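Asks: One structure, pasted below without further comment.
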Amino acid sequence: MKKNCSSYIITIDGPAGAGKSTIAKALSKKLGFIYIDTGAMYRALTLKVLMEGVDPKDHEDVGKVSKSSEMKIDYDEDGMNIFLDGENVKSKIRAQEVTENPSAVSAVEAVRNKMMSIQRRTAKKFKTTVFEGRDMGSVVFPGADLKIYLDAGVEERARRRWKELKAKGQSAEKSKVIRSIEKRDKYDRSRKVAPLTVPQDAVIIDTTGKSILEVTEEIISLVNK
C-alpha cells in the first residue's frame, strides 16, 4: 500500500467456515482499517422483513421492504453499528430467528442492489476498509485494491463450525455440520443473484491448518507490496 494512501479497499470472499470474519477483524485491527460485516447488514434487513410479517422467501414482498428501508453504517469504539430506519439494531440482529433467514433474503435481487449501494457509499465514507462477504470482490467492488478469496476443505470448515457451536454450549453431530456446510456451498454457488465465485484477480488463500496470525500476516504482506 502506498504511503499516505487516502483510500484502500480490501475484499475478503469465500465459503462458509473459511474464516472470513475472523481474519477480516484481525486484519482490520492490524492495519487500522474499518471492518464491515456485510452479513450483519443482511441480518438487519431480515429483522425488518420478519417484523413486517413478510415471508423471507417471498421475493416481491421482501423487495418492497428493502426499497422502503433506510440503512446506515456507523462505527465507534465498540465496532460496527447498523441503523435501520434510525434505530441501532446491532443487538437485535443476533436473535436466532433472524440468523436463520438471511440466506433467503439475500437471494433477492432488489436486496442485493440496495446493499451494494450502501456498501459502496460506506467505503467512500470510511476510506480504508475491509469488506467481508460472498460477492465483495466479484460484484460490489470489482476494482478493489486487494481481493482475497479464503478457502478450506469442507471437513476443516465443518470442524471449525462444530467447535464454535460447542463453545456456545450447543450440541451438534459433526456429520450433520458437514452436510449443512455442503448444502450451504451448493446454494451459495448456484443461486441466480451474485453467486459465490472466485473474483477476477483475487489471491486465493487456503486457510486449512493455518493460524489466524499466519493468514493475517500473509495478507498484510500483499498490502505492503
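Asks: Filter segment 93-125 for residues that are surrounded by fewer than 16 Cβ atoms within 10 Å (Cβ to Cβ) and of a type in the set (D, E, K, R) and give the result.
Replies: Of everything in segment 93-125, those that are surrounded by fewer than 16 Cβ atoms within 10 Å (Cβ to Cβ) and of a type in the set (D, E, K, R) turn out to be R94, E97, E100, E109, R120, R121, K124, K125.
Asks: List every residue pair whose Cβ atoms sit under 8 Å apart, with the two residues 6 or more apart in sequence or on different chains, where the first one lies in segment 113-127 and is modelled with pLDDT of 95 or more and among the acidic types (D, E) and the second, anywhere, is exposed (fewer than 13 other Cβ atoms within 10 Å of the Cβ) and assigned to a helix (DSSP H, G or I).
Replies: none
Asks: Here's a follow-up. Hey, does segment 68-86 have a residue that's more than 15 Å from the chain's Cα centre (by Cα), surrounded by fewer than 16 Cβ atoms within 10 Å (Cβ to Cβ), on the phi > 0 side of the Ramachandran plot and free of Cβ contacts under 8 Å to residues at least 40 places away in the same chain?
Replies: Within segment 68-86, one or more residues are more than 15 Å from the chain's Cα centre (by Cα), surrounded by fewer than 16 Cβ atoms within 10 Å (Cβ to Cβ), on the phi > 0 side of the Ramachandran plot and free of Cβ contacts under 8 Å to residues at least 40 places away in the same chain.
Asks: Okay, next question. Looking only at residues in segment 175-219 that are outside any helix (DSSP H, G or I) and at pLDDT below 85, which one is nearest to S28 (Cα to Cα)?
Replies: Out of the qualifying residues, it is A194.
Asks: Against the conditions (1) in contact with an Asp or Glu (Cβ under 9 Å, 6 or more places away or on another chain); (2) outside any strand (DSSP E or B); (3) within 20 Å of R184 (Cβ to Cβ), where does S69 fall short? Just the number, please.
Replies: Exception for S69: condition (3).
Asks: Okay, next question. Given A18, A26, which one is hydrophobic (A, V, I, L, M, F, W, C), assigned to a loop (DSSP other than H, G, I, E, B) and farther than 28 Å from G86 by Cα?
Replies: Just a single option satisfies the conditions, and that option is A18.
Asks: When segment 78-105 is examined, which residues are found to be touching a Lys or Arg at 6+ places or on another chain (Cβ under 7 Å) and not in a strand (DSSP E or B)?
Replies: Of everything in segment 78-105, those that are touching a Lys or Arg at 6+ places or on another chain (Cβ under 7 Å) and not in a strand (DSSP E or B) turn out to be I93, V98, T99, P102, A104.
Asks: So if I check each of E156, E164, which one is under 20 Å from K25 (Cα atoms), assigned to a helix (DSSP H, G or I) and not β-branched (V, I, T)?
Replies: Of the residues listed, the single one that is under 20 Å from K25 (Cα atoms), assigned to a helix (DSSP H, G or I) and not β-branched (V, I, T) is E164.
Asks: Here is a further query. So which of V54, V49 is surrounded by 22 or more Cβ atoms within 10 Å (Cβ to Cβ), not in a strand (DSSP E or B) and not charged (D, E, K, R)?
Replies: V49
The values are calculated or read from the model by the stated rules, or taken from the named source; none is laboratory data. A quick note: this is a predicted structure, and the numbers were derived from the prediction, not measured. Quick reminder, even Gly has a Cβ in these numbers, built from the backbone with ideal geometry, and neighbours come from all protein chains shown.
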